[in-house]
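Below is one structure, written out as structure tokens; comments come after it.
The values are calculated or read from the model by the stated rules, or taken from the named source; none is laboratory data. For clarity, every value in this text was computed on a predicted model and none was experimentally measured. Glycine also receives a Cβ, built like all others from the backbone with ideal geometry; neighbour counts cover every protein chain displayed. These accessible areas exclude ligands, DNA and RNA; they are computed on the full protein's heavy atoms, side chains included. Shrake-Rupley method; radii C 1.70, N 1.55, O 1.52, S 1.80 Å.
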Amino acid sequence: MCRDDTEYMRLALAEAAKGLGRTSPNPCVGAVIVRDNVVVGRGYHRRAGTPHAEVNAIADAGSSACRGATIYVTLEPCNHSGRTPPCTRAILAAGIRRVVVGMKDPNPSVAGGGMEFLAAQGIEVTGGVLAEECRRLNFPFLKHVTSGLPWVVMKAGMSLDGRISYRQGAGGVITGAASHRLVHRLRDRFDAILIGVGTALVDDPSLTTRIAERVGRDPLRVVLDSRLRLPVDARMLQQSSDAATWIFCGPLASSTREAELTDAGAMVHRVGVNEQGRVDLEQVLVKLGRAGLTSVLVEGGAAVHGSFLRRDLVDEVCLFLAPFFIGDEGMPVISGFGIDSAGAAARLHDVQIERPGDDILVRGILHCPEDATARTQGACRQW
């Protein structure tokens, strides 16, 4: 691997990131075409069903500039037909002489096939350039394509002593404006945002994406509401938004309430419940995954966070800490979950610390996509 390869792959990664939150169930992929040490074409996958990154980069470069050039692509070019033709054929037709790949396709049925096909056609192929960076960009896709389930991120804003409200059963702003702006940029990149009905009743949130400098994308709104207590005049059902609201309830929830919420614009899904009478989280995730959703931002509240942790369903954590204490009257960030020793703790790795304004943001991974696949491999078969 030469330095130029890594530099150009970083440009391809920057292209790929432009598609974050827009490509599900496909991955975010970027491509850069280089000829005589000059970038002549760039492209990224914009959304499922549209041309892939390689095709867009080839179109940007033009046929004459592609002849004898090198293409850098963050994910192995596809060698099969789906909603679009194989990218390997487009690369051959363009006259590109060298292909540099970030990571192989994680789908077990096609992994390596695109690179092998191109090499068999006499194209010089180099793989594994900035592979880890390419993987990290596509953790949601990696988990979904191998397990059928979405990548789950637990997000919370809290005080230094882990309180998400000033009083039990009351709302209130805790983190600062810089954190709020970052939260909305996060929402813009997720397929779904999930809360429990308790949070919906206390805060009456809109669960939309609000970004000052550009138009954001509202994620699918998901409410866990075993007994269908969400009011029909809830803000999320009365606002103007391109995103839908899904409510997951138990099998015995009122049919009358279901009809009322459906008339208000919600889509109600009945799933099983656990021993506490709360909706079965595995069934919820399977339903979301089968709908092509690859990422879910879980925003609480405390019981929902505890349930996801207790079931070992959290893949990544994103915690915003405000620089003050609230005390015993506040609601803790987690309820219904506990461990009996440090050795039993699921520890974050690849921890990152940021400073949005006066707040502290702690991000880390609980499970890599491969771990998540092993933990949940029976869920899709069961439901």
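Some points to look at:
- Filter result for VAL223 (within 24 Å of VAL333 (Cβ to Cβ), surrounded by fewer than 23 Cβ atoms within 10 Å (Cβ to Cβ) and not charged (D, E, K, R)): no
- Tally of residues being in contact with a Gly (Cβ under 7 Å, 6 or more places away or on another chain), open to solvent by less than 40 Å² (accessible area, probe 1.4 Å) and either in a loop (DSSP other than H, G, I, E, B) or over 15 Å from ILE164 (Cα atoms) (or both) across the stretch 195-213: 1
- Subset tally (residues that are outside any strand (DSSP E or B) and within 19 Å of the chain's Cα centre (by Cα)) for the stretch 296-310: 6
- Residue, nearest to VAL296 (Cα to Cα), within the stretch 1-19, restricted to residues that are at pLDDT 95 or above and not in a helix (DSSP H, G or I): GLY19
- In the stretch 5-36, the residue that is surrounded by the fewest Cβ atoms within 10 Å (Cβ to Cβ) out of those that are among the hydroxyl-bearing types (Ser, Thr, Tyr) and within 18 Å of the chain's Cα centre (by Cα) is SER24.
- Pick from the stretch 145-190, criterion closer than 20 Å to GLU282 by Cβ and among the aliphatic types (A, V, I, L, M), ranking: surrounded by the fewest Cβ atoms within 10 Å (Cβ to Cβ): VAL145
- Flag for ILE174 being among the β-branched types (Val, Ile, Thr) and in contact with a Leu (Cβ under 6 Å, 6 or more places away or on another chain): no
- Of the helices (runs of 4 or more DSSP H) lying entirely inside the stretch 105-153, those carrying at least 2 residues that are under 21 Å from ARG363 (Cα atoms) and of a type outside the set (Ser, Thr, Tyr) are 131-137, 139-147.
- Here GLY277 does not qualify as of a type in the set (Gly, Ala, Ser), more than 18 Å from THR245 (Cβ to Cβ) and at pLDDT 95 or above.
- Screening the candidates VAL39, VAL55 for the property of being touching a Cys at 6+ places or on another chain (Cβ under 8 Å) and open to solvent by 40 Å² or more (accessible area, probe 1.4 Å) yields one hit, VAL55.
Every residue, every condition in (1) more than 16 Å from MET158 (Cβ to Cβ); (2) without any contact (Cβ under 8 Å) to a residue 24 or more places away in the chain; (3) buried (at least 16 other Cβ atoms within 10 Å of the Cβ), yes or no:
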| residue | (1), (2), (3) |
| --- | --- |
| ALA259 | yes, yes, no |
| ALA266 | yes, no, yes |
| VAL271 | yes, yes, yes |
| ARG290 | yes, no, no |
| PHE320 | no, no, yes |
| PRO332 | no, no, yes |
| ALA346 | yes, no, no |
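Residues are listed down the side, and each one gets a yes or a no for (1) assigned to a helix (DSSP H, G or I); (2) more than 22 Å from LEU194 (Cα to Cα); (3) modelled with pLDDT under 95:
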position: GLY336; (1), (2), (3): no, no, yes
position: ILE353; (1), (2), (3): no, yes, no
position: GLU370; (1), (2), (3): yes, yes, yes
position: ALA374; (1), (2), (3): yes, yes, yes
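- Test: LEU297 is closer than 20 Å to MET158 by Cβ, among the aliphatic types (A, V, I, L, M), open to solvent by less than 10 Å² (accessible area, probe 1.4 Å) and in contact (Cβ under 8 Å) with a residue 24 or more places away in the chain: yes
Conditions (1) hydroxyl-bearing (Ser, Thr, Tyr); (2) at pLDDT below 85; (3) surrounded by 15 or more Cβ atoms within 10 Å (Cβ to Cβ), marked per residue:
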| position | (1), (2), (3) |
| --- | --- |
| ARG83 | no, yes, no |
| ILE91 | no, no, yes |
| ALA94 | no, no, yes |
| VAL100 | no, no, yes |
| LYS104 | no, no, yes |
| VAL110 | no, yes, yes |
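- Test: residue in the stretch 106-129 that is of a type in the set (Ser, Thr, Tyr) and either within 22 Å of the chain's Cα centre (by Cα) or under 30 Å from ALA177 (Cβ atoms) (or both): no
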